[in-house]
Structure formats: C-alpha cells, structure tokens
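Taking it in order: structure first as structure tokens, then the write-up.
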Ligand code: MV4
C-alpha cells in the first residue's frame, strides 16, 4: 500500500480524500494555490506544497507543478479528486511516465469515455441500452435527414467532445435540422476545438439515473446501485438521492447486472459512473464518468462502502474483495449541495464566513471545507460543502433533512440552504415525483 498520497484538488473533496487516507494509515500531501493558503485541506494534510497563483490553469491544472510537488514530497500516488485534472488523459499518462500511480482508471479508459461517440458505441456492443440515434459521427446532411426520419422528431444534436450538456441543439422538426447542424458544429468547434457531432432521439421528460460501479481491472466489477440526479439547474446537480424513487429492486438488479458485466468485459479499473436517461421504465445510456463524483456520499450512506478507500485499494493493484452479494442497500440518502451562491439568482457569493455551525444527530453527514472566519475565494467553484442525510425510509430521510437544514448556520455569505428548505415543502419533491425539467420549471414559476 502507498505510504503517502498527494491530493491534487481542493475544497471538500480534498478533505474527503484526506480522511480516507487517514483511515488507511496513509500520510497526505496537499497542494494549494496562493489563494488557498488558509484552506482547510491545507490545514489537515500532513504536508503541503504551494503550486502557483490563484487561477486554476496556473495551479490546480498546472501538471508540471503538481508532478514536481509529488517528487519533492516523496508521495507515490496522486488522487485527482473531481474536476480539475481528474479526467485529463494527458495528466494520467504523465503521472504514469513518472512512475507514480494515478488513482483512477487507465488513460485508455479515460480517453474512450471522453469521446462520447466511441463510448456509446463501445458500451452498446457490451450490451448496455443506449438512446436511439447515430452509431457514428454525422458527416453529411443526407445522413442527418435520413436518421431524423428514422428515429422521429424531436432530435438532439450533441458534440462528440461534449458532455455535461455543453454544445447541444434540440431540433423540433426537419425544416430546422440543417441550420441546427451547422450551429452545433460551430459551437462545438469553438468550445472543444472539435466539430464532430452526433444525433439522438430527444427524450422530453426523463429522469437522470446513474449507476455507481467499482472495477479492479482484473475482470471483477460490482455495482453499488443508482443515484437519482434529476434535480439540476443549467446542468449543475442541486440535490441527489439514493435509491431513485422511480426504481424497483428488479429494475435495479437488471440494469446493475448489465452494467457490471460490461465493466468486467472492459476490464475497467477504478470507480466509475454510468449515466442513463430513464423514461417509461427504460434505461438509455448517455455518458460514463471515469472519476469519483460529487454525489458519491449518497451511495456510501446506503451501502456502507467507502468509495474513496476502495478507489485507493484498486489503484494499489488489489483485487476487489467486495462481492456483489456483499452489497446491501440500506435505507435512503439525500445529498444537498451547499453552494456559496445567491439562492435566487445563483450568482456566486464568495467572501468571509462570519459564523458556521453544522447540524448533527442521527443520519447526518457533512462534507465541507468551511469554518468560522474562512474567506471563500472567488476563483473556484461555488460548491463549499454537502449535507448528506440518511434514514431507514425516504420519509425518515426527509424528516431528518428538514431537521438538519434548520440547524445549519452559515453567516456572512449567501448559500443554497434556503432553496433546499423550499424544495422540501414541494409536493413533487416529497413524493419523489420529478424529472430533469422539474427544477428549472419550478424556479421559473417562483
Ligand atoms: C439528453 C437529453 C434528452 N435526450 N439526451 C444533458 C447533459 C448530458 N449529460 C446529456 N444531457 C441530456 N441528454 C437525449 N437524447 C436531455 C439531457 C439533459 C439533461 C440530462 C440529465 C440531467 C439534466 C438534463 C438537463 C437538460 C438536458
């Protein structure tokens, strides 16, 4: 096992990784920008290295600085967290070339899943159901027109290098298709320097359901059930829950089994999330994420599996010790993303936290980098913490969530806490009866 791990991230996930390392008896190295000298991830780590100025491209995305920090400190592995360099093929390769361990999948798997067309083609060949659409890039107008006729309108044009919702065009009817194709190509070229696009049937009101998997790269994989991440605003998840209120144990076992067998055949190594749209009891693959995700604690709460610990063991070359039958789903968990934002305009609200008090009691978990007198810097994502609540039933989980939100005190900066108090009062949220359009609809109405 590794003696020392460098955590190439910041904020709450850097703390989360530090805690997993502590539980494994591994010492930690934090890296930080000059804006993060007083950050909690720096305070907790055994050692820290300043890797550059505030702008992410000069620090948390600065590959030579991070590799140098690793060599200076004698860490033998790097955990990239989420965001930043976590799905950067080049970084994963450079880490390997320096005889360091990248705590994540192989560069080849990161590359494969980063190409949305290749990813879809590959998983389909492994038996995973996909959204009806093109099985390759759209290269000619005639091809697009023929496909539109075959799958029916509306259709959605997506960027091969996209993901996370960037560079998509909805087309309601054939007469708008050719214009939309050129707009999509132009936007994709501008955003990703790649004008490769593909086309899918547009699903109007699906849920977003993602399956958490673990693979050891030696042919063993398991799934840890799903998270329902349908509550999103502008492609940013707001609240996630596990299990999904929409799934039966049978649907879960079916899709979980299909995904697990596919990951075993791929010899996937690491944690991963296979994302689906879910409509009328059918799953349609959209993308796979090859990193640990923000919302992973919802799964941890219902399975009692420490996903970061598993991630580190897998990177160390250990075979999975957990078997599918060891994974029991217990109760219900909901995660609220605490962002330092205006709860009405969603504009970032960095600044001084004058008072901070966290909720506690049965079923409550806080993953947060905040403390009283901390100054949230303006240079990074506005996610400053997560409140994750567990209950034996969804009902109990909702009651505990309300209790925890009432106890939570963050003063000095605006946060999304009031939004969650509102959401909990909504009939559809209480019933679990929502889809990917629900939240934006609700916010437009209020
Ligand atoms: C879709 C879709 C409807 N039909 N694909 C958005 C992010 C990217 N991961 C895929 N996305 C979507 N793909 C088809 N064929 C609707 C979305 C989508 C969405 C998906 C999940 C959660 C929230 C969303 C909000 C808007 C659009």
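With an a/c value of 1.5 or above and a/b not larger than b/c for the gyration tensor axes a ≥ b ≥ c computed over the alpha-carbon atoms, segment 396-446 is described as oblate. What length, rounded to one decimal in nm, is gained on full extension from residue 422 through to residue 22, with 0.36 nm per residue of separation minus their alpha-carbon distance? Fully extending the segment from residue 422 to residue 22 adds 140.3 nm.
Taking other C-beta atoms within 10 Å as the exposure proxy, 354, 260 rank 354, 260 from fewest upward. Packing, taken as the mean count of other beta carbons within 10 Å per residue, orders the peptides 87-95, 292-300, 55-63 from highest to lowest as 292-300, 87-95, 55-63. Look at where the Cα atoms of segment 275-311 and of segment 144-214 average out, and the two centres are 23 Å apart.
Using C-alpha pairs under 8 Å with a sequence gap of at least 6, the mean separation divided by the residue count of segment 251-324 gives a relative contact order of 24 percent.
Comparing Cα centroids, segment 78-118 and segment 412-446 end up 35 angstrom apart. For a test of the definition: using alpha carbon positions, the gyration tensor, and the 1.5 limit on a/c, classify the chain as rounded, prolate or oblate. Rounded, since a/c falls under 1.5.
By DSSP, the beta bridges lying fully in segment 1-119 are antiparallel in about 0 percent of cases. Once C-alpha pairs closer than 8 Å and six or more residues apart are averaged by separation and normalised to the residue number of segment 105-204, the relative contact order reads 31 percent.
What percent do you get for the relative contact order of the chain when only Cα pairs under 8 Å and 6+ apart count? Intermediate values should be presented prior to the final figure.
Working: 946 pairs, mean separation 62.8, N = 446.
Relative contact order, the chain: 14 percent.
Give the calculated FRET efficiency between residue 153 and residue 233 to the nearest 0.05, with a Förster radius of 25 Å applied to their Cβ-Cβ distance.
Working: r = 26 Å, r/R0 = 1.05.
Efficiency, from the Cβ-Cβ distance: 0.40.
The length gained by stretching the chain between residue 205 and residue 304 to full extension, at 0.36 nm per residue less their Cα-Cα distance, is 32.5 nm. Figure legend: label point modelled 7 angstrom from the Cα of residue 375 along Cα→Cβ; residues of segment 3-41 with amide N under 12 Å from it are 35-39. Summary of the geometry: segment 353-373 and segment 240-263, compared by the centres of their Cα atoms, lie 32 Å apart. The simple spin-label model puts a point 7 Å past each Cα toward its Cβ; for residue 409 and residue 63 those points are separated by 4.7 nm. Specify whether the C-alpha gyration tensor of segment 1-141 places it in the rounded, prolate or oblate class, a ≥ b ≥ c being the square roots of the eigenvalues: rounded for a/c under 1.5, otherwise prolate if a/b is larger than b/c and oblate if not. In terms of gyration-tensor shape, prolate. For segment 414-430, backbone nitrogen atoms closer than 13 Å to the point 7 Å from residue 354 Cα along Cα-to-C-beta are found at 414.
Run lengths n ≥ 4 of DSSP H only: what is the helix-derived mean residue ellipticity at 222 nm for the chain, with -39500 (n - 2.57) per run over all residues, to the nearest 500? Only helices count here, giving -10500 deg cm²/dmol.
Just so you know, all these numbers are worked out from the coordinates, no wet-lab data involved. For clarity, every value in this text was computed on a predicted model and none was experimentally measured. FYI the Cβ positions are ideal-geometry reconstructions off the backbone, even for glycines, and counts take in every protein chain you see.
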